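To keep things clear, I will list the structure first and then write my remarks on it.
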Amino acid sequence: MVLVHSLISNLGGANEIFSASSGIGMETTRVLALRGVHVVMAVRNVDAGRSVKEAILKELPSAKIDVMELDLSSMASVRKFASDYQASALPLNLLINNAGVMACPFTLSQDNTELQFATNHIGHFLLTNLLLETMKKTSRESNTEGRIVNLSSEGHRFAYREGIRFDKINNESEYSSMQAYGQSKLANILHANELARRSKEEGVQITANSLHPGGIATNLFRHSSILNVLASLGKLFLKNVPQGAATTCYVALHPQVKGVSGEYFMDSNKAKATSLAQDAELGKKLWDFSISLTNPK
């Protein structure tokens, strides 16, 4: 799970969280650490996260990297992580929501929500909400813009026709692994856009954007035999992992993105998402639906 739950703690103090034990998350951790960012790697597999930390420290002994446990498919785990992070009193300048599962067989999360929607969207939604006050406080005290970055995908174009199946999230009989993946990636864009709208309305120095990292051969492909075959040919047409992490790092750190919010990026440039992804009313409906799923019963 690459949760580039990059909790950054000041560039030269940035605090960032993410699931960074493999793929894009690992490379993003490395790049941010090289830039002097204090990175909090939020990972499901703590041992793998520690291995990544050790590898980066060999390359850069001065790197500031912490490893914390987080399973985005479990709201209890998200709540514990957020509580532990807040207890650490670390600032929060950057949150990179990068964890994900792709095209898996129909499965329910620990909270009885379809796994792709639960992991790719609901886990990120809850984590972001729980940490938002910490980011606002950091922004106010440092007078520095906070940034929230959601890793989406061009896969959002293959969501169900209606976009988000609010009444059929857990409908196994009509489940399509790729369309469910597209639905969760569409949700990532809508989430970022609604966050951007709310932050602007509130007048806080926090931006929220989404991005497509590019077609990359990573272990996300493990549930699909077809995608595995394509990944095996990946050197011919897919990006390598450093190329895939480039847009994430650009949106997270580059001065050119200062003040930019509610945008969708690809290849380190603004790109055009689908009309569903730009539907403000759908974004508001998704927000309310997500609140209903994450509020303690």
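The values are calculated or read from the model by the stated rules, or taken from the named source; none is laboratory data. What you see is a predicted model, and the numbers here were worked out from it, not measured in a lab. Please note: Cβ atoms are built from the backbone with ideal geometry, for glycine as well, and neighbour counts cover all protein chains shown. Only protein heavy atoms, including side chains, enter the accessible area calculation; ligands, DNA and RNA are left aside. Shrake-Rupley method; radii C 1.70, N 1.55, O 1.52, S 1.80 Å.
Answer yes if at least one residue in region 18-35 is part of a strand (DSSP E or B) and either modelled with pLDDT under 90 or not charged (D, E, K, R) (or both), and no otherwise. Reasoning before the result, please.
Going residue by residue through region 18-35, those that are part of a strand (DSSP E or B) are 18.
With either modelled with pLDDT under 90 or not charged (D, E, K, R) (or both) added as a condition, the list becomes 18.
The answer is yes, given that some residue of region 18-35 is part of a strand (DSSP E or B) and either modelled with pLDDT under 90 or not charged (D, E, K, R) (or both).
Residues in region 91-122 that are closer than 20 Å to residue 182 by Cα and in contact (Cβ under 8 Å) with a residue 60 or more places away in the chain: how many? Step through it out loud before you land on a result.
First, the residues of region 91-122 that are closer than 20 Å to residue 182 by Cα: 96-109, 112-122.
Add one more test, that the residue is in contact (Cβ under 8 Å) with a residue 60 or more places away in the chain, and what stays is 96-106, 108, 113-114, 116-117, 119-122.
Count: 20.
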Qualifying residue in region 188-206 (condition: buried (at least 17 other Cβ atoms within 10 Å of the Cβ) and part of a strand (DSSP E or B)): yes
Residue in region 249-282 that is farthest from residue 28 (Cα to Cα), counting only those that are open to solvent by less than 60 Å² (accessible area, probe 1.4 Å) and either touching a Pro at 6+ places or on another chain (Cβ under 6 Å) or part of a strand (DSSP E or B) (or both): 271
Count of region 180-230 residues which are of a type in the set (S, T, N, Q), in contact with a Phe, Trp or Tyr (Cβ under 6 Å, 6 or more places away or on another chain) and at pLDDT below 95: 1
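When you look at residue 76, is it part of a helix (DSSP H, G or I) and over 15 Å from the mean Cα position of the chain (by Cα), yes or no?
Details: part of a helix (DSSP H, G or I): yes; over 15 Å from the mean Cα position of the chain (by Cα): yes.
Considered against the rule, which asks whether it is part of a helix (DSSP H, G or I) and over 15 Å from the mean Cα position of the chain (by Cα), residue 76 comes out as yes.
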Pick from region 174-184, criterion assigned to a helix (DSSP H, G or I) and open to solvent by 10 Å² or more (accessible area, probe 1.4 Å), ranking: nearest to residue 128 (Cα to Cα): 181
Yes/no for residue 65 being modelled with pLDDT of 90 or more, among the β-branched types (Val, Ile, Thr) and touching an Asp or Glu at 6+ places or on another chain (Cβ under 7 Å): no
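Would you point out which residue out of 93, 98, 170 is open to solvent by 50 Å² or more (accessible area, probe 1.4 Å) and more than 16 Å from residue 277 (Cβ to Cβ)? Break it down into steps so the answer makes sense when it comes.
On the way: 93 fails: open to solvent by 50 Å² or more (accessible area, probe 1.4 Å); 98 fails: open to solvent by 50 Å² or more (accessible area, probe 1.4 Å).
None of the other options fit; the residue is 170.
Here are some residues: 138, 144. Which one is under 23 Å from residue 200 (Cβ atoms) and not in a helix (DSSP H, G or I)?
Numbers: 138 fails: not in a helix (DSSP H, G or I).
Going through 138, 144 in turn, just one is under 23 Å from residue 200 (Cβ atoms) and not in a helix (DSSP H, G or I): 144.
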Residue 64 being open to solvent by 10 Å² or more (accessible area, probe 1.4 Å), farther than 19 Å from residue 95 by Cα, out of contact with any Ser or Thr (no Cβ under 6 Å at 6 or more places or on another chain) and not β-branched (Val, Ile, Thr): no
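Taking residue 106, is it open to solvent by 40 Å² or more (accessible area, probe 1.4 Å) and farther than 20 Å from residue 75 by Cα? Before you say what the answer is, go through the steps one by one.
Working: open to solvent by 40 Å² or more (accessible area, probe 1.4 Å): yes; farther than 20 Å from residue 75 by Cα: no.
When the stated conditions are applied, residue 106 does not pass them.
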